[in-house]
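All remarks here apply to the structure that follows.
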Amino acid sequence: MAVDSVSSSTAASNPWANAGASTKDADKASVDYNSFLKLLIAQMKNQDPTSPMDASEQISQLASFSQVEQTIQTNNHLKSMLQAEALTRAGDIVGKYIMSADDTVTGKVKEVQVYSDGVIALTEAGDKVLLQAGVVVSDREITKPTTSTSSSTSTTNTNSDT
């Protein structure tokens, strides 16, 4: 099973999206405590001596920084939980039968591939089905719905009893 990272720009309507979302944004936003303390010390060194920073303002900044860092850590944990759930869900459909949302592809799922824009099920026949709304997954074989095309041919009676 191929697994690629998932970018955070995928649509939220796809339940498989963002499963393994990249942490590049979190890495950019994350500043460790040492960096914060360096900034705080530099701010204190360069402050106006006639108007020093209030201690409560320093504590407020530290609390704000701590809150942002906790939010980033929570998001990282949530991303890893979503990734684990998506991989489990993807693995659960291997060996089951699938029908695409447009009813054109049916077959038994041979493998599942997780990509940045979604999850693709590969059937034994080599067909690919993007897992999205409208896809049917079943333990039993799925048959394509029959489309009844009624032809409008007029029948004329050629029997004449005269």
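The values are calculated or read from the model by the stated rules, or taken from the named source; none is laboratory data. Everything numeric here is computed off the predicted structure, so don't read it as measured data. Counting neighbours? That spans all protein chains shown, and the Cβs are built from the backbone with ideal geometry, glycine included.
Of all residues in the stretch 53-64, which are loosely packed, with under 11 Cβ neighbours inside 10 Å, in a helix (DSSP H, G or I) and not small (Gly, Ala, Ser)?
Hits for the stretch 53-64 are Glu57, Ile59.
Would you confirm whether or not the stretch 44-52 contains a residue that is part of a helix (DSSP H, G or I) and either without any contact (Cβ under 8 Å) to a residue 60 or more places away in the chain or hydroxyl-bearing (Ser, Thr, Tyr) (or both)?
For the stretch 44-52, residues part of a helix (DSSP H, G or I) and either without any contact (Cβ under 8 Å) to a residue 60 or more places away in the chain or hydroxyl-bearing (Ser, Thr, Tyr) (or both): present.
Scan the stretch 28-39 for residues that are of a type outside the set (D, E, K, R) and modelled with pLDDT under 75 and jot them down.
Answer for the stretch 28-39, where residues must be of a type outside the set (D, E, K, R) and modelled with pLDDT under 75: Ala29, Ser30, Val31, Tyr33, Asn34, Phe36, Leu37.
Can you tell which of Ala63, Ala84 is over 30 Å from Leu122 (Cα atoms), among the small types (Gly, Ala, Ser) and without any contact (Cβ under 8 Å) to a residue 24 or more places away in the chain?
Ala63
Can you name the residue in the stretch 97-151 that is in a strand (DSSP E or B), within 22 Å of Leu87 (Cβ to Cβ) and of a type in the set (S, T, N, Q) and is also modelled with the lowest pLDDT among such residues?
Of everything passing the filter in the stretch 97-151, Gln113 is modelled with the lowest pLDDT.
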